[in-house]
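Okay, structure first, notes after.
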Amino acid sequence: TPFLPWPVSFRISRSSSPVALLPQVAPVTYLRMSSQPKLYTARGRALPAFPVGMSLTFVVRFYNSIGEKFHTHNTQLHLALNRDDLLLIGPGNRNYTYVAQAVNTGVTLVGIWDRRHPGVADYIPVAVEHAITPDTQLTFVGDIICFRTHLLNHNGEPGIWMISADNILQTDTGTGVGVARSPGVATVFHDIPGVVKTYREVVVNASSRLTLSYDLGTYLTNTPNSAVFKLFISTGRNGANLKGSCTPSQALAITTVLLPETLVLCHVQFSNTLLDIPASKVFHVHAGFSMERGVYVCLIKVRPQSEELLQALSVADTSVYGWATLVSERSKNGMQRILIPFIPAFYINQSELVLSSRQDVGEIRVLGVDRVLEKLEVFPSSPVLVVSGHRQSSLTPGLAVYPVRVVNFTSLQQTSSPIFINISCELTSQSEAVLVRALKDKSGADQCEDSGILQKFLGSHQTILFTFFAVLASTAFVFLAYNAFLNKIQTVPVVYVPTLGTPQPG
């Protein structure tokens, strides 16, 4: 195709003489398409396709047989697509430019050619994919999504995160992490102003059921200060609620900004209905989220308990039901309860054991269920004491009695450090100690003290005389008072008056 068959004159700056240039005229051998704008990614990361939502401009350039680019031409171009649902394309605001909008994922074949010279053509595949990860298919209420993209601006800085429906997918716009709070459709955007604005649609489904689990070998106990029991909860079908690889800043936003645990309510209840003790009086339960496992967790911690409550639970034969519900879903369909093993803490109401030379055998009495009593270890802290094997009480179920005998009472009295009977159980992680104290023998000391007083008493003549006269005066006073009382009593003579009888015949 011939170009510009006339000469053109130019005036070069800083030169007073005109210069005449003759343009080169040559046929177009081939054409090429290029896209704008440039996209930048993190170091070592490449984009396999154009991001969904991106607006891009295709520019067509023409070349001769030796690869020189033409500055102008008079070709008539024709553009065609193999499908029209992935790219929306139209002419640009300059000659031989086209503007396209990537609306769906997939590959579109774009063809462009010169109508008068069909051999001058170019065909390019335009791939469109999501630049925001991870895959959000099968997203359920309660899922936490750590969105990421490798797109950056020319300064190496990330763009701005935005969300279309924060009530459906609550999102921290600073880090790009979101939690699905209610069913619906939300769109998350990542915008690099002036370069690209890409998005990803998220369909949040209602949770069909909650899946509960706990680590094998773990169980609940009411031992004070025992470790927190963890009941793990998943709200979806995938066994985990955390999607994507979270950065440290996203993990911090989950725990401090989004607070996903507010979606879940945890509950516990004793399985034995005859036990008139509410589980909420024994355990404090609250929800949390485990970043390590990517699931929700009910944290069950033992509350402070009274002596009466500890004693009642020590022989309780029961387990604990645990379950959870979602705040956003009032329906109880699919609610699952799980039975958690419960091992009650043993109970002992003794703080010390007092022994004497006359009573050198004592008892340690422990209340507990059979599996706890079987694992109970009772041993003295000193060899001066011996603890025999326990016997079960026939009158009180769950009562084990351990006899304690003194081997050497003198050593027990003279020891300078306290001696204990240690009671422990590995099942309940309990460790108790009963102080053993020796009672001083007061019988011999009392006899010596009494004889000393008697000797002092007998050795004092003044004390004897004072005592004698005091007794004599007391006796005289009583005698005189008695006589005075008798003198006041008047003596009345008794006269016998015979009754009249019937005269007898002479």
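The values are calculated or read from the model by the stated rules, or taken from the named source; none is laboratory data. All values reported here derive from a predicted model rather than from experimental measurement. All Cβ positions, even for glycine, are placed from backbone atoms using ideal geometry, and neighbour counts span all protein chains on display. Quick note on the areas: whole protein, heavy atoms, side chains included, nothing else; ligands and nucleic acids left out. Shrake-Rupley method; radii C 1.70, N 1.55, O 1.52, S 1.80 Å.
Counting only residues that are of a type in the set (D, E, K, R) and more than 22 Å from the chain's Cα centre (by Cα), which one in region 169-199 is surrounded by the most Cβ atoms within 10 Å (Cβ to Cβ)?
K197
Is region 117-125 home to any residue that is aromatic (F, W, Y) and within 30 Å of S290 (Cβ to Cβ)?
no
Can you give me the number of residues within region 364-405 that are closer than 15 Å to E426 by Cβ, in contact (Cβ under 8 Å) with a residue 40 or more places away in the chain and surrounded by fewer than 17 Cβ atoms within 10 Å (Cβ to Cβ)?
Number of matching residues: 4.
Residue pairs, Cβ under 8 Å, 6 or more apart or interchain, first in region 217-244 and of a type in the set (F, W, Y), second not in a strand (DSSP E or B). List them.
Going by the 8 Å Cβ cut-off, the qualifying pairs are Y219/P341; Y219/I343; F229/Y214; F229/T218; F229/Y219; F232/Y214; F232/R293.
Can we say I163 is touching a Lys or Arg at 6+ places or on another chain (Cβ under 7 Å), under 30 Å from L259 (Cα atoms) and surrounded by 19 or more Cβ atoms within 10 Å (Cβ to Cβ)?
Spelling it out, it is not the case that I163 is touching a Lys or Arg at 6+ places or on another chain (Cβ under 7 Å), under 30 Å from L259 (Cα atoms) and surrounded by 19 or more Cβ atoms within 10 Å (Cβ to Cβ).
So how many residues does region 333-351 have that are farther than 12 Å from E432 by Cβ and out of contact with any Gly (no Cβ under 9 Å at 6 or more places or on another chain)?
7
Search region 120-134 for residues that are more than 27 Å from F189 (Cβ to Cβ) and pair each with any residue that is of a type in the set (D, E) when their beta-carbon atoms are under 8 Å apart and the residues are at least 6 apart or on different chains.
V120/D114; A121/D114
Considering only region 228-248, state which residues are farther than 30 Å from K38 by Cα, at pLDDT 95 or above, of a type outside the set (V, I, T) and open to solvent by 60 Å² or more (accessible area, probe 1.4 Å).
Answer for region 228-248, where residues must be farther than 30 Å from K38 by Cα, at pLDDT 95 or above, of a type outside the set (V, I, T) and open to solvent by 60 Å² or more (accessible area, probe 1.4 Å): just K230.
For region 21-57, which residues satisfy the criterion of being of a type in the set (S, T, Y) and closer than 23 Å to I89 by Cβ?
Those that are of a type in the set (S, T, Y) and closer than 23 Å to I89 by Cβ: Y30, S34, S35, S55, T57.
Given (1) in contact with an Asp or Glu (Cβ under 8 Å, 6 or more places away or on another chain); (2) assigned to a strand (DSSP E or B); (3) not β-branched (V, I, T), where does Q250 come up short, assuming only one miss?
Checking Q250 against (1) in contact with an Asp or Glu (Cβ under 8 Å, 6 or more places away or on another chain); (2) assigned to a strand (DSSP E or B); (3) not β-branched (V, I, T), the one that fails is (2).
Considering only residues that are assigned to a loop (DSSP other than H, G, I, E, B) and of a type in the set (S, T, Y), look in region 407-438 and name the one that is most open to solvent (accessible area, probe 1.4 Å).
The qualifying residue most open to solvent (accessible area, probe 1.4 Å) is S416.
Quick one: would you say L109 is closer than 20 Å to L56 by Cα, at pLDDT 90 or above, open to solvent by less than 20 Å² (accessible area, probe 1.4 Å) and not polar (S, T, N, Q)?
No: the conditions fail for L109.
Could you check region 217-227 and list, in sequence order, the residues that are within 16 Å of F342 (Cβ to Cβ) and open to solvent by 40 Å² or more (accessible area, probe 1.4 Å)?
If the condition is that a residue be within 16 Å of F342 (Cβ to Cβ) and open to solvent by 40 Å² or more (accessible area, probe 1.4 Å), then G217, T218, Y219, P224, A227 are the ones that fit.
Restricting to region 92-102, count the residues that are open to solvent by 40 Å² or more (accessible area, probe 1.4 Å) and within 18 Å of I132 (Cα to Cα).
Here the count works out to 1.
For region 134-156, give me each residue that is of a type in the set (S, T, N, Q) and either closer than 11 Å to V203 by Cβ or surrounded by fewer than 21 Cβ atoms within 10 Å (Cβ to Cβ) (or both).
T136, Q137, T139, N153, N155
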